[in-house]
Amino acid sequence: ARVRRFSMRRGARCVIALVVMACAATLGARADADPAHGVSEGDGSALSGRRAAVQGAHSFLTLVVVSADVAIGVDDAAKLTKILKTQIEAYFTWASYGTMVPSVDLYLYRSPNSELEDDGTTCKTLDAMTPNPWDGDIEHAVSGDKDYEAKYDSFNSKKNMRQVLYLTNSCVGSCESGQNGISCQQKYSSLLACTNPDSTTAACDSTGIHEMLHAIGLKYHAGGYKCTQSDYDDASITWRTCPFEDYGGVFDVLGSSSDSYGKKMGQGVQSYSRWDMHWLSNTNVKVITKTNGQVTDDAPNVSKTCVLSPLDVDSTDSSTTRACVIQFSDTTMSSLGTIWLESRRGNKFDDLIVNGEHDGFNSLGVLGFHEGRKLIDFYPYDSSGGTDAGEKYNDWEQTALRSTGVWEDPVSGLKLTVDPYDGDTGKITVTVTFTQPAACVKRGAAAYPSQFNGYQMDVAYVDDDELEKYHPKNHLDLDGWPYAAYYSATSTQAISTAYYNQYIPYAPEGQQRETGVQESCYKLAITYKMSVQNLDYGVCAQSRLTVRALNLPAGWRVDAGACTNIIGAQGIIDDICFTVAVPRDTPDGAYEIRIQAAQINDSDKAVMTASETVPLLVCVGGFNYPYQSWDDTTSAGKWTCDYGAKGSKTRATIALGNIQNRAANTYEPSSTYYPTSNVAAAKSNRETFFLRNPEVTNDGADRLQDMSSLYSADEDDDRCYAVEATRYCGEDEFVWAQFWCAACPSGSTRPAGDDSWLVDGETSCTCGSGKYLS
């Protein structure tokens, strides 16, 4: 039989399936569960995804720009040298067990410019604070040499290792690391408030170390799950769906540098990061792998032990185990991710583990990290009202698993117990036990508040004659724009087509057919990225995720594609991308649409949409800020759209309420998310639209549709892709599996018209007159 694969991505692996059929019925039985747990042991070489080694000599170039509003003396300069050079070099030597030899070339520049505009209150851009980066007053902090330009040029091949630190009197900014280096703005008084600049066991500028770790290759943060005891007691949920904070790793410098998520409990680096950088060898890591999923109910539990030596020592050797890693290789469980276990005794930069909050509680137990970098609270808040209940435990500060407790993960069947800390050897023994995993229960997906609590945006297509409208400089024509401080008068709206061209059917030079027709249909296309969480419970296979749009104005389109749309189960969070296309007859203005996460299950074709939607505001004919928070739609003044031609723009804001196509319940105070039933009841002027069309079948059922399937199906369609019915499987074809149409077996027939994207299960062909099933 011929099988046609719809929606094939460029660069994707193509699997050809040969299906031999007769006009017959076939039944498949589920394979029996394994009679025993499959468990293997190995070292770090059993893990994947390790980056290249960061060892040997590594140099950082740091330029400290001091605004004219700050008076810096000789003693202050000497103190800065200790903080920004001596301590940082000591930190990387300690964290890498001496395998990395760091050096910091530190330069000081006393800018003649104030950090403030002439009004004395508005902060200047950082560029305006530094008029001449090659000024002769730039001096090496140690030698006094004025050779900064030559040193700067010597870093051309390693731009990521350059840092500019702006020290100000009153202006506060952000710190970030990118391929062109590190840029950071701090108050001078905050940095100089450090009382131990001579210490080589504590870091005064943990923010700088955080960004430098990003610069040398660690592109993630140390986060944390914040569960309560009631979360663990609820058998219907998993700790993976507890609230998660991207900077919530209180034990690590890659977490927050402040006490925003609980008291800072350490400034070290997790075992995963040390292994990732090759500071820990594979032999320092013990890996325990569960190789199968569910087993028979009478299968005996299987236990393995792991003896942990302290992670935060000055040096390590290949004979000691510094991390124990639990992973799952079965296809239904591999998406659960790894769990890294480690022991810390509070040495040097981890001193707060012993001398910080809770008197060394965590130093006598084992710390756990999901995927190596997401802190697991093994000791959650007890809300039962007992002796130990209360706010004292409602934190991330006491998280270690100690000998008095047992930690169980019913989803994976994993159970952890810990022996008492052995003071003679300094080691802790962990027992890892595998019990029966939970059966799969499909629960759909939900939009998840990522680092930006909403969307990341790129403008993918704008007509050339309209482009001027989308420049941020046009906002500066109007006073009070919230983001004006971030943009100069020459800034432009970034146009990025990297994803858009590959997957979107109306992309110029894209993968799809009839691109010229589609380009004539739309005057604006914006791509968005948002985070989505899989809510499945138990041993479930990966799911296909998408989004659907509600409350769309007439002719608008929303199409998923371009980044992850296959996601693991068990609360796994990943990004999904989609494009919003705006028809040419759309008037300039501010518009609100609704976005709803959806899960598509290939096995049974079931579609589960989230119970709530999230708002998306689109500025047609004006600048769209690269990041949008869902909170922007509920806080007056946060989101602004200045649309129309330059010199005659109109301002739309949340406070003014002049957002078109807006759902009536947008200002609902109880939640950032809104039930779909409310949106459906309160939509302003159009029916609910989906990715492709709301009525593909005669039964009137809602269906989602990915437009990229038109290309693979060789469909010539010269219409603008609006809300219209389109069928895919041809005559004498049936839906064999999602996205697949196959020829009916010999002697059987089926009318054309099956929607292979979301038909409710496989369809079947009909035997002709006088034929029978065999």
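For LYS523, nonlocal amide neighbours, meaning residues 5 or more places apart or on other chains whose placed amide H falls under 5 Å from its own, are VAL582, ARG584. The listed peptides 535-541, 265-271, ordered by packing as a protection proxy, come out as 265-271, 535-541 (highest mean of other Cβ atoms within 10 Å first). Protection proxy ranking for 570-580, 164-174, using the average of other Cβ atoms within 10 Å per residue and placing the highest first: 570-580, 164-174.
From the protein chains alone at 1.4 Å, what is the descending order of accessible area for VAL287, VAL74, largest first? Please report the intermediate quantities before stating the final value.
Values: VAL287 0, VAL74 125 Å².
Most to least solvent-accessible, the answer reads VAL74, VAL287.
Once C-alpha pairs closer than 8 Å and six or more residues apart are averaged by separation and normalised to the residue number of segment 178-299, the relative contact order reads 17 percent.
For segment 218-361, the relative contact order is 20 percent, taking Cα pairs closer than 8 Å that sit 6 or more residues apart in sequence and dividing their mean separation by the residue count.
If you average the alpha carbon positions of segment 151-185 and of segment 281-337, how far apart do those two centres end up, in angstrom? If you average the Cα positions of each part, the centres end up 39 Å apart.
Between segment 540-562 and segment 398-462, the alpha-carbon centres lie 30 Å apart. A straight Cα-to-Cα reach below 22 Å connects LYS187 with the lysines LYS79, LYS82, LYS85, LYS124, LYS263, LYS264, residues fewer than 8 places away in its own chain not being considered.
From most to least packed by mean Cβ count within 10 Å, the peptides 35-42, 368-375, 200-207 give 368-375, 200-207, 35-42. Each Lys or Arg adds one and each Asp or Glu takes one away; over the other residues whose Cβ falls under 12 Å from the Cβ of THR168, this sums to 0.
I need the calculated FRET efficiency for the pair ALA71 and SER329, taking r as the beta carbon distance and R₀ as 51 Å, to the nearest 0.05. My answer for the efficiency is 0.25.
Of the Cα atoms belonging to segment 277-358, the radius of gyration and Dmax stand at 16.3, 49 Å. Straight Cα distances below 18 angstrom link LYS159 to the lysines LYS151, LYS219, with same-chain residues fewer than 8 positions distant left out. Evaluate E = 1/(1 + (r/R0)^6) for TYR220 and THR200, where r is the Cβ-Cβ distance and R0 equals 22 Å; express this FRET efficiency to the nearest 0.05. The value I calculate is 0.25. Within the set of other residues whose C-beta is less than 15 Å from the C-beta of LEU311, count the net charge using Lys and Arg as +1 and Asp and Glu as -1. For residues surrounding LEU311, the net value is 0.
The C-alpha atoms of segment 251-294 occupy a region whose extents along the principal axes are 41, 31, 12 Å, arranged from largest to smallest.
The values are calculated or read from the model by the stated rules, or taken from the named source; none is laboratory data. Computed from a prediction, not measured in an experiment: that's the story for all the values here. FYI the Cβ positions are ideal-geometry reconstructions off the backbone, even for glycines, and counts take in every protein chain you see. Keep in mind that these areas ignore ligands, DNA and RNA; they rest on the heavy atoms of the full protein, side chains included. Shrake-Rupley method; radii C 1.70, N 1.55, O 1.52, S 1.80 Å.
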